[in-house]
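To keep things clear, I will list the structure first and then write my remarks on it.
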Amino acid sequence: MTLELSEVLGEVDEEKLDEALSGIIAGIRSEVPKLINQVSTQNAVFKSEVGDGGRVTIPSAERNALDIEEGEIVQVVVHPIKSKE
């Protein structure tokens, strides 16, 4: 079942609707670079060996770049790398 916009909203001032949608799209476009910057500057990808008791060390360069201090909670996503034998 497909509904026309006018069926849902009644009479629509298309000019006002276009203006409103343009504003929404402009707002989204202005936020995308900020989100990309946030994702790229607040994440790190590195290889680390699993140590005693399952411990993984975050390299100091990554800790410094992300301003991570001892005792802070971080989210970890693990992707095992199988070595070629």
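Being surrounded by 10 or more Cβ atoms within 10 Å (Cβ to Cβ) and assigned to a loop (DSSP other than H, G, I, E, B) is the filter; apply it to the range 61-73 and report the residue that is modelled with the lowest pLDDT. It comes out as Leu66. Total residues in the range 57-71 satisfying the condition of being over 17 Å from Thr41 (Cβ atoms) and among the charged types (D, E, K, R): the figure is 2.
Does any residue of the range 7-15 turn out to be hydrophobic (A, V, I, L, M, F, W, C), surrounded by fewer than 10 Cβ atoms within 10 Å (Cβ to Cβ) and under 30 Å from Ser83 (Cβ atoms)? Checked against the condition, which is being hydrophobic (A, V, I, L, M, F, W, C), surrounded by fewer than 10 Cβ atoms within 10 Å (Cβ to Cβ) and under 30 Å from Ser83 (Cβ atoms), the range 7-15 yields no hits at all. One residue stands out in the range 1-60 among those that are modelled with pLDDT of 80 or more, outside any helix (DSSP H, G or I) and of a type in the set (A, V, I, L, M): the one that is nearest to Gly71 (Cα to Cα), namely Ile58. Within this structure, Val45 fails the test of being surrounded by 11 or more Cβ atoms within 10 Å (Cβ to Cβ), closer than 29 Å to Ser83 by Cβ and either more than 14 Å from the chain's Cα centre (by Cα) or without any contact (Cβ under 8 Å) to a residue 12 or more places away in the chain (or both).
The values are calculated or read from the model by the stated rules, or taken from the named source; none is laboratory data. Every value quoted in this text rests on a predicted model; they were computed, and no experiment measured them. For neighbour counting, all protein chains shown are included, and Cβ atoms are generated from backbone atoms with ideal geometry for every residue, glycine included.
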